[in-house]
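This report concerns only the one structure given below.
Laboratory data are not the source of any read-out in this text; all were calculated from the coordinates shown. Since the structure is predicted, the reported quantities are computational estimates derived from the model, not experimental observations. Backbone-built Cβ (ideal geometry, glycine too); neighbour counts: all protein chains shown.
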Amino acid sequence: MPGENATTTLSESVAADLRRRIAQGEWANGDRLPSEHALSEHYGVSRATIRTALQDLESRGMTVTRRGVGTFVTGQAEGVRADLRQLESLSATIGAHGRRAGVEYRSIAVRVPDERERRALQLEDGEEVLATERALTADGETVAFSNDTIPRRLLGADFSPTEVSGSLFELLEKNGVRAVSAVTEVHAVHDPVIGWGDRPKDPTYLLLSQLHFDRGGTPVALADTYFIEGRFQWGLVRHR
């Protein structure tokens, strides 16, 4: 299965491959995707898995499902679109849209946590954190700014800030730590002081303040990520 690994579910793997195929133009806007039965046979998975994968596409604004008719590729809005319910690295989300993901770090430091960080990450006295400021890009265009904090102890005794590059999820996973859930607050922010470099003159942001947890319920990262309106969009499908 393309993109599958030990920690990726079947539906996530199928969804990632379908997103790739759409991004590469296998189906044009308005085209109907193969039926659930055909996709089930193609990928060798259950129809329930296919339905979950198709829900992922719909939540990202890439498709619309008409009951009794089928699933159709939609005209996509500009910028990157992600499902608010899914927890994945932003680099992976950008790549799923067929765009080249990049990270530009403004600052990387090991330091003493502030009070908010200490409480959220449940740190003991004397513990330090890795704190970063970074811009996330898609094909060289900045789509978000992020301030991230990770407990230093999770990164190994020999960790050096010079190791930091690319995805912070990947940095954690390299040290045996996997974030599997996040408590998220969503805010609209209008502040010209936020960010640097490539951004609109009068930017509006969607702020996701997220506290990430591992499978055992231990907080492993605190992130404030400011998504530039029009360049990165979040969505989900609601039902009655």
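Which one of Val112, Ile150, Gly176 is farthest out on the positive end of the charge dipole of segment 109-240, using unit charges on Cβ (Lys, Arg +1; Asp, Glu -1) and the Cα centre as origin?
Of the options given, the answer is Gly176.
Using helices alone, what [θ] at 222 nm do you get for the chain, with -39,500 (n - 2.57) per DSSP H run of 4 or more residues, divided over all residues and rounded to the nearest 500?
Result for the chain, helices only: -6500 deg cm²/dmol.
Take the Cα coordinates of the chain, assign each an equal point scatterer, and use the Debye formula without solvent to give log10 I(q)/I(0) at q = 0.16 Å⁻¹.
-1.20
Between Ser35 and Val180, what FRET efficiency follows from the Cβ-Cβ distance if R0 is 35 Å, with the result rounded to 0.05?
The calculated FRET efficiency here is 0.65.
Which whole-Hz couplings ³J(HN,Hα) result when phi for each residue of segment 216-226 is put into the Karplus expression 6.51 cos²θ - 1.76 cosθ + 1.60, θ = phi - 60°, listed in order with x for Gly and Pro?
Residue by residue, segment 216-226 yields x, x, 8, x, 10, 6, 10, 9, 10, 10, 9 Hz.
Measure off 7 Å from each Cα along the Cα-to-Cβ vector at Arg215 and Glu128, then give the distance between these two points in nanometres to one decimal.
That separation, rounded to one decimal, is 3.1 nm.
May I ask you to derive the FRET efficiency for Asp114 and Trp196 from their Cβ-Cβ distance with R0 = 25 Å, giving the value to the nearest 0.05?
My answer for the efficiency is 0.75.
Mind listing the long-range amide H neighbours of Val180? Cut-off is under 5 Å, sequence gap 5 or more, other chains count too, H placed in the peptide plane at 1.01 Å from N.
Under 5 Å from the amide H of Val180 lie the amide H atoms of Phe213, Asp214, Arg215, each far enough along the sequence or on another chain.
Expressed in nm to one decimal, what extension gain is obtained for the pair Asp139 and Arg100 from 0.36 nm per residue of sequence separation less their Cα-Cα distance?
Length gained between Asp139 and Arg100: 13.6 nm.
Can you list the residues, at least 5 places off or on another chain, whose amide H is less than 5 Å from the amide H of Thr204, using H built in the peptide plane?
Those lying under 5 Å, H to H, from Thr204 are Glu229.
Output wanted: per-residue J couplings in Hz (rounded whole) for segment 167-173, from phi through Karplus 6.51 cos²θ - 1.76 cosθ + 1.60, θ = phi - 60°, x for Gly and Pro.
6, 6, 4, 5, 4, 5, 5
Please report Asp139, Asp148 as a ranked list, fewest other C-beta atoms within 10 angstrom at the top and most at the bottom.
Asp139, Asp148
For segment 10-73, with only Lys/Arg (+1) and Asp/Glu (-1) charged at the beta-carbon, what is the dipole magnitude about the Cα centre, in debye rounded to 20?
160
Students often get this wrong: which residues of segment 204-218 have the backbone nitrogen under 16 Å from the point 7 angstrom along Cα-to-C-beta of Glu229?
Of the residues in segment 204-218, 204-208 have backbone N under 16 Å from the label point off Glu229.
For segment 163-240, count all C-alpha to C-alpha pairs, find those more than 18 Å apart, and express that count as a whole percent of the total.
Here the long-distance tail beyond 18 Å is 55 percent of all Cα pairs in segment 163-240.
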